[in-house]
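Since the structure comes first, as structure tokens, the remarks are kept for the end.
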Amino acid sequence: MAIRVLIAKPGLDGHDRGAKVIARALRDAGMEVIYTGLRQTPEMIAEAALQEDVDVVGLSILSGAHLALVPRIRELMIANEMGDVPILIGGIIPDEDKAKLQEMGVTGIFGPGASTDEIIDFINTIVKDGDGFEAASKTD
Amino acid sequence: MASKPLQKLTESLLQGNRRALSRLLSYVENEREGVDDVLAALFPHTGKAWIIGITGAPGTGKSSLVNTLAKAYRAHGTTVGIIAVDPTSPFSGGAILGDRIRMRDLSGDAGVFIRSMATRGSLGGLARATRDAIRVLDAAGFDLVLVETVGAGQSEVDIVRTAHTTVLVEAPGLGDDVQAIKAGILEIADILVVNKADRPGVKKTVAALKAMLELGHPASLGQLVAHHGRLLPVEDKANGRNAETPMWIPPIVQTIALETTGIDDLMTVIEAHRNHLVDAKIFAQIERQQIEIELHDRLRETLMRRFLQDIDDAILADVIAQIQARRLAPQTAIEQLLRHM
Ligand SMILES: Nc1nc2c(ncn2[C@@H]2O[C@H](COP(=O)(O)OP(=O)(O)OP(=O)(O)O)[C@@H](O)[C@H]2O)c(=O)[nH]1
Ligand SMILES: [Mg+2]
């Protein structure tokens with residue numbers, strides 16, 4: 001059965017080209033991608049993750065607001081009994097923030113240089129099946 | 001009986017737990033072991049929701065309409081479950097499910113639950129998954145279940161057959177012809193919506209739909225019934241209609257889904273259709289027909305699965321080889337295969 005991935009774009013910046021490229025690549029890798037579009041609040045993201053029962057939440061963040069957005073999303077997901085669902089971040093994340101994000105429970109961070117294959121492999125490794133995932137961690 | 005964890009999940013669902021609801025919807029989609037017992041346990045709690053199918057060609061504004069319509073129902077206190085179906089890519093088996101993009105207005109409302117579904121494998125499988133997902137939302141207590149599907153063919157017709165009210169969404173400027181005519185889906189529509197009424201060409205689209213309706217309509221109800229497959233069988237063919245069952249003529253409503261224009265009208269005709277079914281006592285017959293279709297579907301699926309489990313792969317391979325060599329006709333082959341059951 002297909003891996004379900006939420007691709008969301010929190011924050012106020014208006015570019016979702018990167019997120020769309022990822023969404024298409026994941027679809028082509030056989031995943032079901034729930035695409036929610038631009039300017040999602042943490043509440044909207046956590047709610048969509050819950051309703052769609054996704055295996056992975058992928059956030060595309062270019063705005064630099066990751067340290068504000070991620071803890072809130074994570075907190076809401078934990079409140080929804082979805083603390084075990086891995087969060088991946090794509091975007092421009094300064095090195096000094098990566099460790100902080102991982103402490104906040106982010107499972108994988110992918111910079112602009114990451115290939116879609118890399119992301120697909122990573123998701124395939126952390127998601128065993130629809131019912132759980134193996135703990136794993138990744139930064140680049 | 002369902003396993004302990006599944007039983008707990010069922011109880012949580014009935015108590016309104018949204019995580020349980022979302023898990024159970026996945027189990028239904030994935031045909032997880034034990035889910036049939038869960039569905040059986042939920043069944044006594046179903047039959048309360050009104051189910052509305054929203055179908056139509058790609059891009060006509062179905063999701064936008066679901067968004068606006070659901071918001072309007074919420075203003076009346078009606079709770080709304082939504083299932084949005086998008087196609088699975090035949091090449092990769094993956095899918096992009098993007099209907100939520102148009103449903104942002106519904107976020108943060110505990111009276112709404114939106115679930116996206118991919119068509120996945122077989123057509124029959126989708127009809128089953130959708131039907132079961134509707135039941136789960138019904139058991140969870142939603143007053144209304146809206147099912148959005150792209151109106152492209154038989155699978156949509158199948159899904160729509162599980163709805164009480166079917167809304168076909170058209171939009172102007174999608175080509176010369178009304179899209180639905182090709183798909184042959186007009187016959188199953190209870191309500192026709194011409195969305196994007198702010199766009200040029202609305203009158204033309206409305207006129208085309210009217211013409212289509214008149215073609216298929218009053219002259220021979222018998223024919224309409226056969227096509228429609230869900231109205232009462234006509235007892236008094238000589239008079240062209242059964243006096244006790246007034247006919248439902250699909251109304252045409254114009255909407256602008258990005259605003260609220262026409263949404264009140266749409267709610268009014270949906271209510272009228274519901275009243276029509278109940279008043280005309282057609283409802284029980286439609287329900288009976290839907291149950292019959294469902295039983296046939298399930299029987300077909302189950303018998304097929306059992307048969308394939310039972311039959312020796314070598315026998316099947318041999319029969320295929322014989323047919324290919326023209327030593328055996330497919331018709332005769334079936335008789336032979338069935339003897340192995
Ligand atoms: N002008 C105008 N545009 C509309 C209206 N309703 C929807 N749209 C636009 O039409 C496009 C498609 O809308 P959707 O709601 O996604 O249509 P859909 O039928 O759900 O599309 P699929 O799910 O892809 O088949 C979007 O760009 C909407 O903003 C309307 O009433 N007027
Ligand atoms: Mg849509």
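Values in this text are rule-based calculations from the coordinates and carry no lab data. Quick caveat, the model's predicted, so the values are computed rather than measured. Quick reminder, even Gly has a Cβ in these numbers, built from the backbone with ideal geometry, and neighbours come from all protein chains shown.
Remarks
- Residue of A:ALA23, A:ALA68, A:ALA48 that the Gaussian network model of chain A assigns the largest fluctuation, springs spanning Cα pairs under 10 Å: A:ALA68
- Direction-averaged projected area, Cα convex hull, region B:1-44: 2.7 nm², rounded to one decimal.
- Here the Karplus curve 6.51 cos²θ - 1.76 cosθ + 1.60, taken at θ = phi - 60°, turns the phi angles of region B:263-277 into couplings of 5, 4, 4, 4, 4, 5, 6, 4, 5, 4, 5, 4, 4, 4, 4 Hz, with x standing for Gly and Pro.
- Approximate spin-label separation B:ASP264-B:ILE249, in nm, with each point projected 7 Å along Cα-to-Cβ: 2.4
- Loop trypsin sites (Lys or Arg not before Pro), region A:1-95, which have at most 15 other Cβ atoms in a 10 Å radius of their Cβ (DSSP): A:ARG39
- Within a Gaussian network of chain A (alpha carbon springs, distance under 10 Å), most fluctuating of A:ASP55, A:ASP95, A:ASP16: A:ASP95
- For region B:1-57, the list of GluC sites (Glu not before Pro) that fall in a loop by DSSP and count at most 12 other C-beta atoms within 10 angstrom reads B:GLU33.
- With a Förster radius of 35 Å applied to the C-beta separation of B:GLN7 and B:GLU294, the computed FRET efficiency comes to 0.90.
- Taking 7 Å steps out from each Cα toward its Cβ at B:ILE311 and A:THR125 produces label points 4.3 nm apart.
- Rounded is the label for region A:4-139, because a/c, from the alpha-carbon gyration tensor with a ≥ b ≥ c as root eigenvalues, stays below 1.5.
- If you take all other residues with their beta carbon under 12 Å from the beta carbon of B:ILE52, and give Lys and Arg +1 and Asp and Glu -1, the sum is -2.
- More than 28 angstrom apart: percent of Cα pairs within the protein assembly as shown: 57
- Among the listed pairs B:LYS210/B:LYS281; B:LYS62/B:LYS203; A:LYS20/B:LYS4; B:LYS48/B:LYS204; A:LYS9/B:LYS204, those beyond 31 Å (Cα-Cα): A:LYS20/B:LYS4; B:LYS48/B:LYS204; A:LYS9/B:LYS204
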